[in-house]
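The values are calculated or read from the model by the stated rules, or taken from the named source; none is laboratory data. Just so you know, these numbers come straight off a predicted model, no measurement behind them. Cβ atoms come from the backbone with ideal geometry, glycine included; neighbour counts cover every protein chain shown. Surface accessibility is based on the protein's heavy atoms, side chains included, excluding ligands, DNA and RNA. Shrake-Rupley method; radii C 1.70, N 1.55, O 1.52, S 1.80 Å.
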Amino acid sequence: VAPPPPSVPPTKPPPSSLSPDVNPQSRDPPCFPSSATAALRDGRTVRLDELREGDAILVGWADGTLGFDVVTPWSLADHSAEGALFLALATSANTTLRLTPTHHLPVGETCCKQLKQAKDVRVGELVWAVGRGAAEPEPHAVLSVRATSGRGLHSPLMQRGGFPVVDGVVTSFNSLPLVKLNAIAQPYLLASLCAASASACTAARRVVAAVECVAKHAWHALGSFALAREPLCKTLHYIDGPVVHAGSLLVSTGSDETCRPVPA
């Protein structure tokens, strides 16, 4: 009788971003923690919770070059957020980028033509990192992806559609079509509204939040043929102080304009 064939070890599944028991979904807006850093035009490195409207920070451009772009009042900055879910992407550039699961970043052989959300990035994929004094971003492999938590939620939205370099890695504040749209709308329409008055700026933010909320619910209904069980709207904390939530009432609070839920 022939001996039984040797046992074959099970084939390992391809590398993925997260272990199966980690849920990458998050209701936090696409953001970075307060401890994440950016490089200013004068060469200083600052934490994102130190950024201010009007600061010029290092960015990547769509053609793969580097430059500086201006932080707009539409940037997000929630200093008090606790326990937000982040994904930590360790790269072969000896950098680790932490960002929420739905935040975008450029991937692939060319920067910055293809974007992915962090939750869809896999081990081995190329991201674009910027070394100190580098003239252009360079591709580096993702070595690991793990879930973690952190304090603060920050996302610099740039005036001319630049891709913010955060913790030494080129990132994106939105999907590619919206980044391109912002590069057109921000210098003219959005900047003019915020320059006109604080109340006009906050009202415009409230409209944008409401449109985004309606679009998310409509997209969910079309995709699942059912209404969402929980609200898909998000509360947005802007870098210059206002807090906006769709379906809220604009209330004056001293020098700031804040959106609060309409009382029942």
*Which members of segment 11-51 meet the condition of being in contact with a Lys or Arg (Cβ under 7 Å, 6 or more places away or on another chain), surrounded by 15 or more Cβ atoms within 10 Å (Cβ to Cβ) and at pLDDT 95 or above?*
Phe32, Pro33, Ser34, Ala36, Thr37
*Select from segment 58-74 the residues that are buried (at least 23 other Cβ atoms within 10 Å of the Cβ) and polar (S, T, N, Q) and list them in ascending order.*
Thr72
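For (1) part of a helix (DSSP H, G or I); (2) modelled with pLDDT of 75 or more, each residue gets a yes or a no:
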residue: Asn174; (1), (2): no, yes
residue: Asn182; (1), (2): yes, yes
residue: Val207; (1), (2): yes, yes
residue: Val214; (1), (2): yes, no
residue: Trp219; (1), (2): yes, no
residue: Ala226; (1), (2): no, no
residue: Leu236; (1), (2): no, yes
residue: Ser252; (1), (2): no, no
residue: Arg260; (1), (2): no, no
*Name the pairs whose Cβ atoms lie under 8 Å apart, with the first residue in segment 75-95 and more than 30 Å from Glu136 (Cβ to Cβ) and open to solvent by less than 20 Å² (accessible area, probe 1.4 Å), the second in a loop (DSSP other than H, G, I, E, B) and at pLDDT 90 or above, and 6 or more positions between them or separate chains?*
Ala81/Arg151; Ala81/Gly152; Ala84/Cys31; Ala84/Pro33; Ala84/Thr100; Ala84/Arg151; Ala84/Gly152
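Just to check your reading of the model, which residue among Ala203, Ala183 is small (Gly, Ala, Ser), open to solvent by 30 Å² or more (accessible area, probe 1.4 Å) and touching a Lys or Arg at 6+ places or on another chain (Cβ under 6 Å)?
Values: Ala203 fails: touching a Lys or Arg at 6+ places or on another chain (Cβ under 6 Å).
On inspection, the qualifying residue turns out to be Ala183.
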*asked:* For segment 101-135, which positions are outside any strand (DSSP E or B) and modelled with pLDDT of 95 or more?
replied: Pro101, His103, Gly108, Ala118, Lys119, Asp120, Val121, Arg122, Val123, Gly124, Glu125, Val130
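If you go through segment 165-180, how many residues are in contact with a Gly (Cβ under 8 Å, 6 or more places away or on another chain) and either open to solvent by less than 30 Å² (accessible area, probe 1.4 Å) or within 25 Å of Thr235 (Cβ to Cβ) (or both)? Steps first, please.
Step one: list which residues in segment 165-180 are in contact with a Gly (Cβ under 8 Å, 6 or more places away or on another chain), which gives 165, 168, 170, 179-180.
Filter once more, keeping what is either open to solvent by less than 30 Å² (accessible area, probe 1.4 Å) or within 25 Å of Thr235 (Cβ to Cβ) (or both): 165, 168, 170, 179.
Residues meeting the conditions: 4.
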_Pair list, Cβ under 7 Å, 6 or more apart: segment 111-136 residue on the phi > 0 side of the Ramachandran plot, other residue open to solvent by 60 Å² or more (accessible area, probe 1.4 Å) and in a loop (DSSP other than H, G, I, E, B)_ = Gly124/Pro15
_Filter result for Leu143 (open to solvent by 20 Å² or more (accessible area, probe 1.4 Å) and modelled with pLDDT under 95)_ = no
*When you go through Leu115, Leu105 one by one, which is the residue that is touching a helix residue (DSSP H, G or I) at 6+ places or on another chain (Cβ under 7 Å), surrounded by fewer than 22 Cβ atoms within 10 Å (Cβ to Cβ) and not charged (D, E, K, R)?*
Leu115
*Test set (1) open to solvent by less than 10 Å² (accessible area, probe 1.4 Å); (2) under 27 Å from Ala185 (Cα atoms); (3) free of Cβ contacts under 8 Å to residues at least 60 places away in the same chain - Gly54 fails condition number*: (1)
